[in-house]
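What follows is a set of notes on a single structure, which appears directly below.
The values are calculated or read from the model by the stated rules, or taken from the named source; none is laboratory data. A quick note: this is a predicted structure, and the numbers were derived from the prediction, not measured. Glycine also receives a Cβ, built like all others from the backbone with ideal geometry; neighbour counts cover every protein chain displayed. The area values use the complete protein model at the heavy-atom level, side chains included, leaving out ligands, DNA and RNA. Shrake-Rupley method; radii C 1.70, N 1.55, O 1.52, S 1.80 Å.
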Amino acid sequence: MMKKFLGISLLLLLIGAGVIAWIFLGSGTGFSEKKETLYIPTGTASERQLIDSLERKSIVSNKSAFRFLANRMGYWSNIRPGRYEIKKGTSLVNIMRMLRNGQQTPVNFVITKLRTKEDLARQAGAKFEFDSAAMSAFLQANDSLTKYGVTSEVAMSKVLPDTYTFLWNTSPEKIYARLAAESKKFWTPAREQQARVKGLTPLQVIIIASIVDEETNAAAERGNVASVYLNRVAVGMPLQADPTVKFALKDFGLKRIYSKHLSFESPYNTYRNKGLPPGPICTPSRKTIDAVLAAPITKYLYFVASPKFNGTHEFSETYTEHLQKARLYQQALNRQDSIRKNLL
């Protein structure tokens with residue numbers, strides 16, 4: 001009888017151990033998707049708020065078991081904010097370890113071409129815990145930007161298009177510090193020397209590159225476009241760059257620039273003001289910056305879109321030559337418009 005009792009007791013213990021293992025070591029998730037994301041805000045997360053979040057997204061299948069683990073592992077007194085991606089089938093033990101250790105899932109912050117500080121603030125506000133207003137406030141604060149060697153006017157000169165990895169609860173200043181550090185690494189002694197040879201500072205190179213980046217998508221002609229602007233500066237001629245007018249107007253959808261646009265008063269209107277604008281008009285790519293640094297020595301002072309409509313430009317040394325090429329482009333444009341109207 002005693003052996004039978006011991007056998008039954010052992011069986012019950014094994015069954016109990018199996019159930020406990022299944023609860024805590026088996027799949028502890030309750031959602032059907034491949035993964036779910038849990039956001040724990042900084043400074044305000046409480047036990048109740050966390051449980052509500054877990055329940056609302058069905059992140060855990062057994063709320064009582066999760067609470068038990070949290071109590072046993074002392075989690076409630078050390079809730080760590082962040083963004084946590086939890087894969088379907090993850091055990092409660094592994095979920096708790098992830099949260100207790102603050103093993104956040106990083107955020108990939110992809111920066112392509114941005115034109116204004118507001119663009120950067122809006123994009124960052126959509127990816128991180130802070131809102132766009134917090135990033136905007138930082139980018140407007142000259143006192144905070146001083147340590148990075150910039151003012152609010154040229155804050156975007158430190159932003160290079162790329163993919164950057166951050167934690168979700170990273171602050172605006174830490175994000176900008178990383179961008180500035182990457183910019184500093186980009187400006188190697190060799191690149192700084194290239195700029196000096198052309199009589200430019202890194203900031204001036206960035207400004208020219210931002211205009212070039214807006215003028216053409218054809219990589220092969222970026223150097224020639226840059227040479228036009230460098231030559232215009234050298235002879236005291238206004239840049240007369242249409243993209244700077246669009247930037248001044250904050251109307252980036254303009255297809256054609258008319259005289260009413262050219263009269264707009266702004267330091268960024270390079271039809272009214274000689275020299276470079278006070279800051280970049282977009283975040284140029286590394287390749288465009290290098291194209292400016294390696295721009296060939298030419299006598300080009302003018303360029304106009306190619307009548308082939310292939311995204312390239314025709315370059316000229318004299319205004320007379322430029323007018324001839326501009327006329328050919330206009331004629332091609334008129335023919336294209338006529339064909340389009342006939343098709344309609």
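Each label point is 7 Å from the Cα along the Cα-to-Cβ direction; what then is the distance between the points at Glu321 and Ala45, in nm?
Computed distance between label sites Glu321 and Ala45 equals 6.5 nm.
Counting only trypsin sites (Lys or Arg not before Pro) that sit in a DSSP loop (anything but H, G, I, E, B) with at most 15 other Cβ atoms within 10 Å, what is the longest stretch of the chain containing none of them?
Result, exposed sites excluded: 114-249.
Among Thr163, Phe138, Ser46, whose Cα projects farthest towards the positive end of the dipole of the chain, with charges put on the beta-carbon of Lys, Arg (+1) and Asp, Glu (-1)?
Going by the charge dipole, the pick is Ser46.
Starting from the amide H of Val107, placed 1.01 Å from N in the peptide plane, find each other amide H under 5 Å away whose residue is 5 or more places distant or on another chain.
Phe166, Leu167, Trp168
Holding the Cα-Cα limit at 25 Å, pick out from Lys198/Lys250; Lys117/Lys255; Lys158/Lys287 the pairs that are longer than that. Present the calculation step by step, with values, prior to reporting the outcome.
Working: Lys198/Lys250 30 Å; Lys117/Lys255 23 Å; Lys158/Lys287 15 Å.
Check vs 25 Å cut-off fails for Lys198/Lys250.
If each of Arg340 and Asn71 carries a label point 7 Å out from its Cα toward its Cβ, how far apart are those two points in nm?
7.1 nm
Once phi is turned into θ = phi - 60°, what whole-Hz ³J(HN,Hα) does the Karplus curve with 6.51, -1.76 and 1.60 give for every residue of region 242-254, x standing for Gly and Pro?
4, x, 5, 5, 4, 5, 4, 7, 6, 10, 8, x, 4
Calculate, for the chain, the solvent-accessible area per residue in square angstrom, rolling a 1.4 angstrom probe over the heavy atoms of the protein chains.
That works out to 55 Å² for each residue.
Determine one quarter of the surface area of the Cα convex hull of region 282-335, which equals its mean projected area, and express it in nm² to one decimal.
Projected area, direction-averaged: 4.9 nm².
Classify region 62-101 from the C-alpha gyration tensor, please: rounded if a/c falls under 1.5, else prolate or oblate depending on whether a/b exceeds b/c.
Here region 62-101 falls in the oblate category.
Express the relative contact order of the chain as a whole percentage, based on alpha carbon pairs under 8 Å and six or more residues apart in sequence. Could you put the intermediate results ahead of the total?
Working: 481 pairs, mean separation 46.6, N = 344.
Computed value for the chain: 14 percent relative contact order.
With each run of n ≥ 4 DSSP H residues scored as -39500 (n - 2.57), what mean residue ellipticity at 222 nm is computed for the chain after dividing by its residue count and rounding to the nearest 500 deg cm²/dmol?
-15000 deg cm²/dmol
Please report the accessible area of Leu301 (heavy atoms, 1.4 Å probe, ligands and nucleic acids excluded) in Å², nearest 10.
Leu301 exposes around 40 Å² with every protein chain in place.
So what's the net charge close to Ala65: Lys and Arg +1, Asp and Glu -1, counting the other residues with Cβ under 14 Å from its Cβ?
+2
Using only the Cα atoms of the chain, each taken as one equal point scatterer with no solvent, compute I(q) by the Debye sum, divide by I(0), and report log10 of the ratio at q = 0.09, 0.10 Å⁻¹.
Evaluating at q = 0.09, 0.10 Å⁻¹ gives log10 I(q)/I(0) of -0.68, -0.76.
Name the chymotrypsin sites (Phe, Trp or Tyr not before Pro) in region 271-344 that are in a loop by DSSP and that have at most 16 other C-beta atoms within 10 Å, would you?
When the chymotrypsin sites (Phe, Trp or Tyr not before Pro) of region 271-344 are filtered for loop state and at most 16 Cβ neighbours within 10 Å, Phe309 remain.
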